[in-house]
Amino acid sequence: MRRFLLFSVLPIALIGTASAWAGGTLAWPAPALPPDANSAISPIPQMGWFTHFQANLDASRKQPKIDLIFDGDSITDFWMSRARDLWNQHYAPLNAFDFGISGDRTENVLWRLQNGQVDGLHPKLVLLMIGTNNLGSNTVEQIAAGVKADIDEYFKHCPDTTILLQAVFPRGAKPDDPNRAKIKALNQLISQFADGKKVLYIDFGDKFLQPDGTLSADIMPDALHPSAKGYQIWVDAIQAEIDQFFPPSAAH
């Protein structure tokens, strides 16, 4: 079982109150970044999720083969709690693994990738959606740079994979919610990362919306996280992309 030694990889710049984890010592909190620094590309862990991170590492190494990866924040993480039946039906047969962790931002995914998450893995396809948790603290340009950093880091560790970059889902119950405009601008930027070969892009956020642009409670109860019905919309929206890498006969 792989055990992660935190003190061997975390930047010395993390100074403050010491917190022990996994046999190492983490100094926290980190000092404030310079005013002109982009936090979205500054790899750092979430202090609350080391147990989850380690559990993902251990579980992924016990799985004989991983061909399909989902990665992101709570929206991806919640496949396991809100749509496990759909996961088991559609993705478990494809040797899939969910690395999403609730609350993550672009910089947290970057840290995970730099610290062993996919080392030794050879996925055919990675589905990535990240950035919604950066909306309150970063500009859309900064968030887009963070998404690009995550993509680049995936290719460092999994050079033969293809990334299906998913647009950030709409959030906020009403179409005039300030997050809507910011997400639209962010998605326009990250869509430019697609090259049609190694990075594909898909935006199906409109499928969650009502004709008047609202998010209904039966699809996203908190106007952010999909319900089981919302996850079914997700399944249907990406099926054609999945089939390109995993023909239906491959699941049997």
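Every read-out reported here was derived from the displayed coordinates using simple, explicitly stated rules and does not represent laboratory data. The structure presented is a predicted model; accordingly, all values stated were derived computationally and were not measured. So basically every Cβ, Gly included, is an ideal-geometry build from the backbone, and we count neighbours across all protein chains shown.
Structure summary
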| read-out | value |
| --- | --- |
| Nearest-0.05 FRET efficiency for E141 and K65, computed from C-beta distance (R0 45 Å) | 0.75 |
| Sites Q89 and D206 - FRET efficiency at Förster radius 35 Å, r taken between beta-carbons, to 0.05 | 0.90 |
| Cα gyration tensor shape for segment 38-251, rounded if a/c is under 1.5, else prolate or oblate | rounded |
| Residue order, fewest to most surrounding Cβ atoms within 10 angstrom, among S249, S227 | S249, S227 |
| Taking T51, T106, T161 and counting other C-beta atoms within 10 Å, the order from fewest to most | T51, T161, T106 |
| Residue-averaged [θ]222 nm for the chain, counting only DSSP H segments that reach four residues, each worth -39500 (n - 2.57) | -10500 deg cm²/dmol |
| Amide H contacts of L127 (H built 1.01 Å from N, under 5 Å, at least 5 apart or other chain) | I69, F70, D71, L164 |
| Length added when fully stretched, D222-K156, from 0.36 nm per residue minus Cα-Cα | 20.2 nm |
| Whole-angstrom gap from segment 36-81 to segment 109-133, using each part's C-alpha centre | 7 |
| Derived scalar couplings ³J(HN,Hα) [segment 161-176; Karplus, 6.51 cos²θ - 1.76 cosθ + 1.60; whole Hz; x for Gly, Pro] | 7, 10, 10, 9, 7, 9, 4, 5, 5, x, 9, x, 5, 10, x, 8 |
| Residue order, fewest to most beta carbons within 10 Å, for H52, H122 | H122, H52 |
| Cut-off 15 Å between beta-carbons: net charge of the residues surrounding A194, Lys and Arg +1, Asp and Glu -1 | -2 |
